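A quick write-up on the structure given underneath.
Every read-out reported here was derived from the displayed coordinates using simple, explicitly stated rules and does not represent laboratory data. Quantities reported herein were computed from a predicted structural model and do not represent experimental measurements. All Cβ positions, glycine included, derive from the backbone under ideal geometry; neighbour counts span all protein chains shown.
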Amino acid sequence: MWTVYYPSPHIIAGLARIPTLKPTAWALALVCSVGVTIVVAQRIITNPKPDAELKQVFPSAVAFSALGGDPLHFKAYGVDPKTNPSAPPIGIVFWTTDMVPQEHGYHGPIHILIGLDLKGTITGAVVDYHSEPYGYFSVEPPKFAAQFKGKTIRDPFIVGRDVDAVSRASITIASAARAVRDGSRLAASRLLSAEATK
């Protein structure tokens with residue numbers, strides 16, 4: 001048996017007192033709300049202050065720029081640009097979620113911070129956040145991210161071959177490996193010299 005509920009007369013009377021908007025105003029309100037939603041949805045929000053993680057993924061750097069550029073990245077410096085403004089960067093650091101936002105594990109994106117030197121070699125990786133059900137024993141242990149250090153953008157990043165497999169977490173591990181591989185290759189092609197991507 002189904003029970004049907006009708007709105008109370010007080011609710012109906014209250015709705016009747018709301019001033020009506022012209023169709024143009026409704027259309028404008030709808031367009032604005034959709035525009036705000038699209039702008040917010042374009043970037044997966046990551047750790048806003050990854051200072052310790054930056055140093056961890058690029059240990060030879062003494063300073064980092066603010067997150068910026070297209071695609072978004074940090075520049076790593078061997079000499080502090082505040083003391084030497086002409087200091088060239090020695091590499092870049094980026095979030096995989098900024099490079100390949102469409103890459104998701106079993107339950108969502110895996111936020112991995114990657115350091116990449118000017119030759120296309122990974123200087124370090126840190127898994128900063130995930131919502132994977134088996135992440136605590138697959139991508140969360142430091143040894144998972146540590147295995148990427150020293151790999152180049154030319155390595156295959158194939159689970160079971162050059163990326164360690166973890167039983168019961170194959171979707172998570174494969175997604176994380178693809179995010180590191182594809183993110184590193186995209187970052188290198190967009191931000192490093194042509195020599196690094198050969």
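A few notes on this one:
- Ranked by how many other Cβ atoms sit within 10 Å of their own Cβ, fewest first, the residues Phe148, Phe64 fall in the order Phe64, Phe148.
- Here the residues Arg178, Arg168, Arg190, ranked from fewest to most Cβ neighbours within 10 Å of their Cβ, fall in the order Arg168, Arg190, Arg178.
- Placed amide H near Asp128: partners under 5 Å, 5+ positions off or other chain: His111, Ile112, Leu113
- When the listed pairs Lys49/Lys75; Lys55/Lys82; Lys75/Lys151; Lys55/Lys151; Lys55/Lys198; Lys49/Lys198 are checked against a 24 Å cut-off, the alpha-carbon distance exceeds it for Lys55/Lys198; Lys49/Lys198.
- Phi to ³J(HN,Hα) by Karplus 6.51 cos²θ - 1.76 cosθ + 1.60 over the stretch 181-197, Hz, x for Gly, Pro: 4, 5, x, 5, 5, 5, 4, 5, 5, 9, 10, 9, 5, 4, 4, 5, 9
- Relative intensity, log₁₀ I(q)/I(0), of the stretch 46-198 from a Debye sum that treats every alpha carbon as a point, q = 0.14, 0.20 Å⁻¹: -0.62, -1.23
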